[in-house]
1. Restricting attention to the range 34-56, report how many residues are modelled with pLDDT of 90 or more and over 18 Å from E77 (Cβ atoms).
2. Give the residues of the range 22-45 that are of a type in the set (S, T, Y) and farther than 17 Å from S69 by Cβ, sorted by residue number.
3. Restricted to the range 1-28, and to residues that are acidic (D, E) and at pLDDT 80 or above, which residue is farthest from V58 (Cα to Cα)?
4. Looking only at the range 29-80, which residues are exposed (fewer than 12 other Cβ atoms within 10 Å of the Cβ) and in a strand (DSSP E or B)?
Amino acid sequence: MGNRTSNAAADWRHIANGWGIPSEGYCDQPFVVKTDDGAWLCIMTTGPGHEGAWGQHVISLRSTDWGKSWEAPVDIEPGD
């Protein structure tokens, strides 16, 4: 076996080197898939406050530049 060293600073897959996903403060269960056209689609629960707080809702976000920027969120299941 070869001698492998891990350099997290150079690895774009390392979470410390990634870009943030926009949320309203609280974010839970972000799930990202690559769509047929190559874009990234993220579905998550978000809302102001903390887990279980009023106003949480499920949204979708789309990125065409590997998560560097995201289109405006679209409500899938609006909060009350």
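The values are calculated or read from the model by the stated rules, or taken from the named source; none is laboratory data. These numbers were taken from a predicted model, which means no experiment stands behind them. A quick note on method: Cβ atoms are made from the backbone with ideal geometry, for glycine too, and the neighbour counts reach across all protein chains shown.
1. Going through the range 34-56 one residue at a time, the tally reaches 7.
2. Answer for the range 22-45, where residues must be of a type in the set (S, T, Y) and farther than 17 Å from S69 by Cβ: Y26, T45.
3. So the first thing to find is which residues in the range 1-28 are acidic (D, E), and the list is 11, 24, 28.
Filter once more, so that each one left must be at pLDDT 80 or above: 24, 28.
Working: E24: 11, D28: 9 Å.
Among those residues, the one meeting the criterion is E24.
4. Q29, F31, V33, K34, V74, D75, E77
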